[in-house]
Amino acid sequence: HMAFRATRSRPEGDIDAVMAQRGLTSGRDHNAFTSEEDTTYHLDLPRADAADLDLALAWLRDVGDGLLFRPEEVAIERGVVEAERRDRQGPETPTIVAEWAFQFVGEGDRDRDPVGTEDSLRTLDATRLAAFHRRWYRPERALLIVTGPVEAAAVAPLIVARFSGWRGEGEPAKRHPPPDLASLAAPEVRFLPPARVPRRSLVCKSRRLASERSEDKDLATFVWGEILAARLQAA
């Protein structure tokens, strides 16, 4: 919720209006979702021009470490989340396409409702929320996926330029200790084989995995699943 308020690149909190000028509808083309396991930020750009890509990457970098957490805006969004919590008594909403996902809970937390409890929402303030964000929403937990009618070789440098300076601040969450990122000077960009994903696709990840062979298979399966979900949603 706070990612759609004031951020470092949009301190006036006008991100919805700026996206609308680019043809993105809030809630359909520009949205976010939190499950028991991750938070996903979704952008479906109508064009693949440089200006739209720059706007999208700037906002996604803000999501990483550029949220302002102004107390008055936290108070407003608390009311919105409380309303969402009341509405979550119906059937679960299916997840749609994921472009920017942060893994932030462990196996033992899957029975906990990500919208929170009445007590946790009532006592939430800007300081505690910002501290939670610093612990969990970190580069070593992030995965950025870009797919569509773009030249991957042209987009990769834009991603590196936007995200190479992102480092987690303060103490990370204790669960799932992050790997040592000292040797990773910039985001690692991988081009997935054409036989596995659409020809113009790329994946940017913030950490190396132990087995590159198994990663290719798992990542390709993940990307294809999200593309299929997006097409079904559009249909």
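The values are calculated or read from the model by the stated rules, or taken from the named source; none is laboratory data. All of these numbers come straight from a predicted model, not from anything done at the bench. Here the Cβ is made from the backbone with ideal geometry for all residues, glycine too, and neighbour counts use every protein chain on show. The area values use the complete protein model at the heavy-atom level, side chains included, leaving out ligands, DNA and RNA. Shrake-Rupley method; radii C 1.70, N 1.55, O 1.52, S 1.80 Å.
For the reader, a short list of remarks on this structure follows.
- For the residues Thr7, Thr147, Thr221, a 1.4 Å probe over the protein chains yields an accessible-area ranking, largest first, of Thr221, Thr147, Thr7.
- Placing pseudo-labels 7 Å out from each Cα toward the beta carbon at Ile76 and Arg47 gives an inter-label distance of 2.9 nm.
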